[in-house]
Amino acid sequence: MIDKTVATAAEAVADIPDGASLAVGGFGLSGNPIALIEALLAQGTRDLSVVSNNCGVDDWGLGILLGAGRIRKMTSSYVGENKEFERQFLSGELELELTPQGTLAEKLRAGGSGIAAFFTQTGVGTQVAEGGLPRRYDGAGGVAIASPVKDVRTFEVNGEPREFVLEEAITTDFSLVHAWKGDRHGNLVFRKAARAFNPLAAMAGRTCIAQVEHLVEPGEIDPDAVHLPGVYVHRIVEVGDVDKRIEKRTVREGNH
């Protein structure tokens, strides 16, 4: 029987080297593979290039790797909620490839599907297509690295010519994801917002490592309930019920 389980998060990430590229799941703080991130922090891996919707917050999620100076480059669609991210970016310590959220999702999905690139209308007429977005500052207020000009082509859609920008797919050395449930074959089930980017990140990694709250035997998950088939997953580790953070907790005032 194919058994992809490993005993600990530390064992699961032990072969991730310095300089590796990672696709990391999570939407805000929902579905962050925190046990794998903490294990990566503990083993000292550095100079990482990370693709993720966002970079957590200062003391949670990818923010703990960022705060320890382990991340060289981020490819993200949202970079708020993290003051250390802002500091490192503006000081020139961190490279950032800012990408529209839907485009980032499709770049990951395309990479996992064997599609080299695709055309999209998102970003046409902006610096996303025309280039010039700061990727790295020089520490003195100037731009050291700017985004390049991208290929824009015209296609006829519904009888009208429209411009589309070419976006290349993303693949990474490894992917780190969090799922609610998984079996020993690697089939995964996600819950609610955790399903937003975790399946896409999993697909993009050449080696996918999944932490799950509940590990079950093959056959216990109804095939119709599988969100990501085990063919994309290479290692799976059970971490139990992990802490689930909320960026900004708000409650209703009064009883009305």
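The values are calculated or read from the model by the stated rules, or taken from the named source; none is laboratory data. These numbers come from a predicted model, not from an experiment. Cβ coordinates were reconstructed from backbone atoms using ideal geometry, including for glycine residues, and neighbour counts include every protein chain displayed. The accessibility values were calculated without ligands, DNA or RNA, using every heavy atom of the protein model including side chains. Shrake-Rupley method; radii C 1.70, N 1.55, O 1.52, S 1.80 Å.
Which members of the stretch 16-38 meet the condition of being open to solvent by 10 Å² or more (accessible area, probe 1.4 Å), small (Gly, Ala, Ser) and on the phi < 0 side of the Ramachandran plot?
Hits for the stretch 16-38 are 21, 30, 35.
Given the stretch 140-180, what strands (runs of 3 or more DSSP E) lie entirely inside it while holding 2 or more residues that are of a type in the set (Val, Ile, Thr) and without any contact (Cβ under 8 Å) to a residue 60 or more places away in the chain?
Ranges flagged: 143-146, 152-157.
Residues that are hydrophobic (A, V, I, L, M, F, W, C), in contact (Cβ under 8 Å) with a residue 24 or more places away in the chain, open to solvent by less than 70 Å² (accessible area, probe 1.4 Å) and more than 23 Å from residue 51 (Cα to Cα): does the stretch 200-220 have at least one?
Among the residues of the stretch 200-220, at least one is hydrophobic (A, V, I, L, M, F, W, C), in contact (Cβ under 8 Å) with a residue 24 or more places away in the chain, open to solvent by less than 70 Å² (accessible area, probe 1.4 Å) and more than 23 Å from residue 51 (Cα to Cα), which makes the answer yes.
Just give me the residues in the stretch 61-88 being part of a helix (DSSP H, G or I), of a type outside the set (Lys, Arg) and open to solvent by 30 Å² or more (accessible area, probe 1.4 Å), in sequence order.
We begin by selecting, within the stretch 61-88, every residue part of a helix (DSSP H, G or I); these are 63-67, 83-88.
Next cut, of a type outside the set (Lys, Arg) only: 63-67, 84-86, 88.
Answer for the stretch 61-88, where residues must be part of a helix (DSSP H, G or I), of a type outside the set (Lys, Arg) and open to solvent by 30 Å² or more (accessible area, probe 1.4 Å): 64, 67, 84, 86.
Kindly indicate whether any position in the stretch 183-201 is in a strand (DSSP E or B), in contact with an Asp or Glu (Cβ under 7 Å, 6 or more places away or on another chain) and modelled with pLDDT of 95 or more. Give the derivation first.
Going through the stretch 183-201, the residues in a strand (DSSP E or B) turn out to be 183, 188-189.
Next, only the ones that are in contact with an Asp or Glu (Cβ under 7 Å, 6 or more places away or on another chain) stay: 183.
Among the residues that remain, those that are also modelled with pLDDT of 95 or more are: 183.
Yes: the stretch 183-201 contains one or more residues that are in a strand (DSSP E or B), in contact with an Asp or Glu (Cβ under 7 Å, 6 or more places away or on another chain) and modelled with pLDDT of 95 or more.
What pairs can you find where one residue is in the stretch 70-88 and closer than 18 Å to residue 145 by Cβ, the other is of a type in the set (Phe, Trp, Tyr) and open to solvent by less than 50 Å² (accessible area, probe 1.4 Å), and their Cβ atoms are less than 8 Å apart, with a gap of 6+ or different chains?
Between residues of the stretch 70-88 that are closer than 18 Å to residue 145 by Cβ and residues that are of a type in the set (Phe, Trp, Tyr) and open to solvent by less than 50 Å² (accessible area, probe 1.4 Å), the close pairs are 74/85; 79/85; 79/89.
Conditions tested, residue by residue: (1) over 30 Å from residue 17 (Cβ atoms); (2) aromatic (Phe, Trp, Tyr).
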site	(1), (2)
159	yes, no
167	no, no
197	no, yes
233	no, no
242	no, no
245	no, no
248	yes, no
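Being on the phi < 0 side of the Ramachandran plot and either open to solvent by 30 Å² or more (accessible area, probe 1.4 Å) or of a type in the set (Lys, Arg) (or both) is the filter here, so list the residues in the stretch 170-199 that pass it.
171, 173, 180, 181, 184, 185, 187, 191, 193, 195, 196
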